[in-house]
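Read through the structure below, which is laid out as structure tokens, and then see the notes.
The values are calculated or read from the model by the stated rules, or taken from the named source; none is laboratory data. Note that the structure is a prediction, hence the values are computed from the model and not measured. Just so you know, the surface numbers come from the protein's heavy atoms only, side chains and all, with ligands and any DNA or RNA stripped out. Shrake-Rupley method; radii C 1.70, N 1.55, O 1.52, S 1.80 Å.
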Amino acid sequence: MRRTTHIKHAAFRRLVPPIVISLWGVLLLAFLYQIYHFTWVSDENYELRYRTHDLKEKPMLPERTNLSISLEKRNGLPPRNLDLFPHLAKDHIVIVLYVHNRPQYLKIVVESLSEVEGIGETLLIVSHDGYFEEMNKIVEGIRFCQVKQIFAPYSPHLFPNSFPGVSPGDCEGKYDLSSKKNCKGDRDLYWNYRSPRIVSLKHHWWWMMNTIWDGLNETMQHLGNILFIEEYHFILPNAYRNIQLLTMLKPHKCPRCYAVNLAPTDVSSRGEGLASLFVEKIGNVGYAFNKTVWRKIHSKAREFCSFDDYNWDVTLWAKVYPFFGGPVYTLRGPRASALHFGTCGLHLGQEENVACFNNGSVNIVLEKVDKIVNINSDWEVHLIKHKTLHQAGFMGWGGWGDMRDHQLCLDFAEMYSLRQ
């Protein structure tokens, strides 16, 4: 009897390890499936959900609020100051200033624009990420050129109780495996759920580009270059004349360049100050390109909208420009005509009493060379090569993992397709 019991116990001991191992294996597989599901299952959803966009069907945009509807109607209004500036110069370069909610920044940029030589010859379009009364008043006070305001009607800031703002039941904060959350939302690569104030950066830029190039009567037929600046770019008096000259020189000096820039890629630099033109990677301070380039960007809407990074410029470099088939260069002068200022982040420093500038003020010293055209068409071109910041396999900095944001982004890409 004892021998039989001993044999059973021995057999049980030999059997337990495989059972335990099998049990742990099942648990491990379940865990890996959860990781796979939360991280990669969306690829199948992309194919199913994005397929409709290949058919050019009408996009399913979120239901608008009353404020959103009224702002979209304002987008169709003609530019202001037509009585002061009834005609635009031939071959003018439209300027687009995109802003968020930093009125103390905007005041400085508008003041700098008022001193720009030739500003009265062109149209200034101010694109707002939502609606903020103080920002609106500052723009309404502009009298130095034609000016048109457009408002992103699907900005998260306009939807306090529904997507693309915060919806009831939305997941918030960081995903935690130890807790079961009965909430809506997909986490990003770093286990964070969406933040409306963060995703609005990429949404606004993408909505603005689609609207400027394909939606506005004033610009949708514009075949020339359009200059894009932000609310923390101080524009020097010679900026417009310099950008005009650079666009004229680009076909001859750098035919393979996709854009021209008012400043070096390194935002802390005011330039080399040498008697030379420079070619380098496209920067995000004062960049201008034409509709042909926009078409190349727009053709990669799926890649742009699905990449898990809330920065539009990082997304372009990591997922869009690699499809261009070669280096994506810009042409610029040896001295900056636009300067990056301020120390606040994207949505910080909205209050007037917050010091968002270095030492609480902007101290930009203008020299004589900043007030005149300082580019010579006879100069040779010098190429600056930068190290690739985003190597193959770079997955993004996150903040853009929610499938609803991907879908809205794609809807923006198609919202004017029927008109086209």
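Quick notes on this one:
- Between segment 211-255 and segment 85-140, the alpha-carbon center distance in angstrom: 14 Å
- Of LYS90/LYS371; LYS291/LYS319; LYS58/LYS137; LYS90/LYS291; LYS253/LYS371; LYS107/LYS148, pairs whose Cα-Cα distance is over 26 Å: LYS58/LYS137
- Compactness ratio for segment 237-297: Cα radius of gyration over 2.2 N^0.38 Å (N = residue count) comes to 1.11.
- For segment 257-309, with all protein chains in place and a probe radius of 1.4 Å, 52% of the accessible heavy-atom surface sits on carbon or sulfur.
- Taking all protein chains as shown and a probe of 1.4 angstrom, HIS87 keeps an accessible surface of around 150 Å².
- Å² of accessible area per residue within segment 105-238, as computed with a 1.4 Å probe and no ligands counted: 36 Å²
- Computed from backbone phi, the HN-Hα couplings of segment 284-296 come to 10, 10, x, 10, 9, 8, 10, 5, 4, 5, 4, 4, 5 Hz, rounded to whole numbers (Karplus: 6.51 cos²θ - 1.76 cosθ + 1.60, θ = phi - 60°; Gly and Pro given as x).
- Most to least accessible of LEU113, LEU223 (protein chains only, probe 1.4 Å): LEU223, LEU113
- Among the protein heavy atoms, those of GLU115 account for about 120 Å² of accessible surface (1.4 Å probe, every chain in place).
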